[in-house]
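For reference, the structure discussed in these notes is given below.
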Amino acid sequence: MLHLIYNPVAGRGRAKPALARARAFLDARGAAYRVLTTAARGHATELAEALPANATVVAVGGDGTAHEVAKACIGNGRTLGLLPVGSGDDFAFALGLRRADLSGALDRLMTGAVRLVDTGTVNGEPFVNAAGVGFDADVARRVARAPAALKGIGAYLWGVLDALRVLTATPVEVWVDGTPVYSGRSLLVSTHLGPRTGGSFLFAPGADPQDGIFEVLVAGGLGRAGILALLPRVMRGTHLGHPAVALFRGERVRMRWERPQPCHAEGEAAGEVAEFEIGMVPRSLRVIA
């Protein structure tokens, strides 16, 4: 039995027709399934937690839906499947699913094997793809307020331009596996299990959700013009040679900012404080892949 947890507002209009296609596909193959519809933020976690311990739970939505469903599947017998119909779908990308390829995702549900992937926690909040502190978290919360007509990369760029209006590089100290690796002004510190965030930006192109290691990106005190010039390189994953960008690898990340900073996990707000502890939980989530 597949338990489809469906977010009707995902993808700014993409979710409803995608669910209809999924129903038709599953009906044609005689697959047993049920649809559970979310009504508010956090509801997907509640729905998944109420399912049996060995359930296969399919997130029908974007990264926010996958994040909420995954929270109920980490470290237990539940298995997570994905039908990515959001604006970013970065976790799906990390698992080899192509954007807008709903047919491929449905085939994966029927034929894919179950494998274990890593997860992380940021100040106790689980994440499965990326946790960012600073500028990218500010962008993520602004994207949620983008005009309804903007979708995907358009909404993200709107969030970038909006965040640039109040851009400030803040002093931070960063430790990876107990070793100090950075001290100075920074726009963001982004910790990755998967390579992409924001729907199009390859912050950590070498990240692998099965290797037990975070890739930690630190961006120094770039100005507005510097950020705009760097964005195309981030989209191509060729930014790591830039002098304002540093990449570190490890299993534990600690950072202390001069003043509180916003944090996101898969684009979902995860608090605003000055100190963050990020830890690896290896091979803790069962996924269909």
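Couple of notes before you dig in:
- Remark: relative contact order (the chain) = 21 percent; criterion is Cα-Cα distance under 8 angstrom and separation of 6 or more residues.
- Share of alpha-carbon pairs per 10 Å distance bin for region 2-112, given as whole %: 16, 53, 30, 1
- In the chain, helices alone account for a calculated mean residue ellipticity at 222 nm of -8000 deg cm²/dmol, with every DSSP H run of four or more residues adding -39,500 (n - 2.57).
- Across region 208-264 the C-alpha pair distances fall into 5 Å bins from zero in the proportions 4, 14, 21, 22, 22, 13, 4, 0 percent.
- Gyration tensor over alpha-carbon atoms, region 169-289, equivalent ellipsoid semi-axes in Å: 22, 19, 14
- Residue order, fewest to most beta carbons within 10 Å, for T170, T238: T238, T170
- Of N7, A169, A44, farthest towards positive along the dipole that unit charges on Lys, Arg, Asp, Glu beta carbons give the chain: N7
- Separation in nanometres of the label points that stand 7 Å from Cα toward Cβ, at V114 and T37: 3.0
- Helix 224-236 vs. the chain, principal-axis angle (Cα, 0 to 90°, nearest 10): 40
- For region 6-66, the percent of C-alpha pairs falling in each 10 Å distance bin, counted from 0 to the bin holding the largest distance, reads 21, 51, 27, 1.
- Highest mean first, the peptides 40-51, 195-206 sorted by other C-beta atoms within 10 Å per residue fall in the order 195-206, 40-51.
- Protection proxy ranking of 157-167, 248-258, by the mean of other Cβ atoms within 10 Å over each peptide's residues and highest first, is 248-258, 157-167.
- Å³ per residue enclosed by the Cα convex hull of region 99-223: 137
- Under Karplus coefficients 6.51, -1.76 and 1.60, residue-wise ³J(HN,Hα) of region 45-58 in Hz, glycine/proline x: 5, 4, 4, 5, 5, 7, 7, x, 5, 9, 5, 9, 10, 10
- Peptides 210-221, 131-142, 59-70 ordered by packing proxy, namely the average of other Cβ atoms within 10 Å per residue, highest first: 59-70, 131-142, 210-221.
- For region 180-189, 3J(HN,Hα) per residue [Karplus equation, 6.51 cos²θ - 1.76 cosθ + 1.60, θ = phi - 60°, Hz, x = Gly/Pro]: x, 10, 7, 8, x, 6, 8, 7, 6, 10
- Inverse mean reciprocal Cα-Cα distance (Kirkwood Rh) of the chain, Å: 19.0
- Karplus-derived 3J(HN,Hα) values for region 240-253, using 6.51 cos²θ - 1.76 cosθ + 1.60 with θ = phi - 60°, are 5, x, 5, x, 8, 10, 10, 10, 10, 10, x, 9, 9, 10 Hz; glycine and proline are entered as x.
- Length gained when the stretch E275-H242 is fully extended (0.36 nm per residue, less Cα-Cα span): 9.2 nm
- Once the Kirkwood radius over Cα pairs is known for region 234-281, the Stokes-Einstein relation at 4 °C and 1.567 mPa s delivers a diffusion coefficient of 99 µm²/s.
- Between amide H atoms placed 1.01 Å from N, distances below 5 Å from L188 occur with F135, A219, all of them 5 or more places distant or on a separate chain.
- Principal-axis tilt of helix 102-111 within the chain, Cα atoms, nearest 10 degrees: 70
No value in this document is a laboratory result; all are computed from the given coordinates. Small disclaimer: the values here were computed from a predicted structure and weren't measured. So basically every Cβ, Gly included, is an ideal-geometry build from the backbone, and we count neighbours across all protein chains shown.
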